[in-house]
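The values are calculated or read from the model by the stated rules, or taken from the named source; none is laboratory data. No experiment lies behind these values; they were computed from the predicted model shown. A quick note on method: Cβ atoms are made from the backbone with ideal geometry, for glycine too, and the neighbour counts reach across all protein chains shown. All accessible areas refer to the heavy atoms of the entire protein, side chains included, with ligands and DNA or RNA removed. Shrake-Rupley method; radii C 1.70, N 1.55, O 1.52, S 1.80 Å.
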Amino acid sequence: VFTAEEAWLARFGDAAESVHLQDFPTLPAEWRDAALAEKWERIRMIRAMVTRVLEQMRQEKQIGSSLQAGPVLELPGQDAQLLAPSGWAEVCIVSAVTLDVLPDDGHDIVSVSVSRDLAPGSKCDRCWRVLPEVGASAAHPSLCRRCEAVVEAL
């Protein structure tokens, strides 16, 4: 709540009325995209399956954080195409995802498995993802390549 108010005042100044007193804008009907909504509903359903597996592992003290995991998703081709592996990793809040693409034979099969081993590599000090590339940079040995690029760009 405080961050939203602070951002609102930074954008509109101290004379602005509180962000919490604002009405939500009415969105134009042409902005609705049924195909996009259906795509993201499917992505959220698959993510929920991943989350259930990770939560069980967390309860069994096999992992402490979802970023320690690198799940394998067995998805029909149409589902595998919804996101790239890096996109699945972002959505599922894990360090990496391996996709096993199943044939599109009309079945709605989705399987999630997570190795008992932790994700390979070391933890990046900036994004906390566990990746094999952490430590490869001489200039920033505690960062992954993505974070190194961000830090170098500053």
In the range 62-77, which residues are over 17 Å from residue 130 (Cβ atoms) and either surrounded by fewer than 17 Cβ atoms within 10 Å (Cβ to Cβ) or among the basic types (Lys, Arg) (or both)? 74, 77
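Which one is most open to solvent (accessible area, probe 1.4 Å), of the residues in the range 125-138 that are without any contact (Cβ under 8 Å) to a residue 40 or more places away in the chain and under 23 Å from residue 53 (Cβ atoms)?
132
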Note on residue 95: of the conditions (1) in contact with a Gly (Cβ under 6 Å, 6 or more places away or on another chain); (2) open to solvent by 60 Å² or more (accessible area, probe 1.4 Å); (3) of a type outside the set (Val, Ile, Thr), unmet is (2)
Taking the conditions exactly as written (basic (Lys, Arg), open to solvent by 90 Å² or more (accessible area, probe 1.4 Å) and out of contact with any Pro (no Cβ under 9 Å at 6 or more places or on another chain)), does residue 145 satisfy them or not? yes
Report yes if some residue within the range 17-27 is charged (D, E, K, R), open to solvent by 60 Å² or more (accessible area, probe 1.4 Å) and farther than 30 Å from residue 80 by Cβ; otherwise report no. yes
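If a residue has to be part of a helix (DSSP H, G or I) and not small (Gly, Ala, Ser) to count, how many in the range 1-35 make the cut? Explain how you work it out, then say what you get.
Here is the first cut: in the range 1-35, the residues part of a helix (DSSP H, G or I) are 2-12, 19-21, 29-31, 34-35.
Applying the additional criterion that residues be not small (Gly, Ala, Ser) yields 2-3, 5-6, 8-9, 11-12, 19-21, 30-31.
Of the residues in that region, 13 qualify.
Quick check on my filter: what residues within the range 83-92 are in contact with a strand residue (DSSP E or B) (Cβ under 8 Å, 6 or more places away or on another chain) and open to solvent by less than 60 Å² (accessible area, probe 1.4 Å)? Walk me through how you get there before you give the answer.
Keep residues of the range 83-92 that are in contact with a strand residue (DSSP E or B) (Cβ under 8 Å, 6 or more places away or on another chain), which gives 85, 88.
Passing the criteria: only 88.
What about residue 80, is it aliphatic (A, V, I, L, M), buried (at least 17 other Cβ atoms within 10 Å of the Cβ) and free of Cβ contacts under 8 Å to residues at least 24 places away in the same chain? Walk me through how you get there before you give the answer.
Values: aliphatic (A, V, I, L, M): yes; buried (at least 17 other Cβ atoms within 10 Å of the Cβ): yes; free of Cβ contacts under 8 Å to residues at least 24 places away in the same chain: yes.
Spelling it out, residue 80 is indeed aliphatic (A, V, I, L, M), buried (at least 17 other Cβ atoms within 10 Å of the Cβ) and free of Cβ contacts under 8 Å to residues at least 24 places away in the same chain.
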Would you tally the residues in the range 98-123 being within 16 Å of the chain's Cα centre (by Cα) and either without any contact (Cβ under 8 Å) to a residue 24 or more places away in the chain or surrounded by fewer than 19 Cβ atoms within 10 Å (Cβ to Cβ) (or both)? 2
Filter the range 28-46 down to the residues that are farther than 12 Å from residue 82 by Cα and among the basic types (Lys, Arg) and list them by number. 32
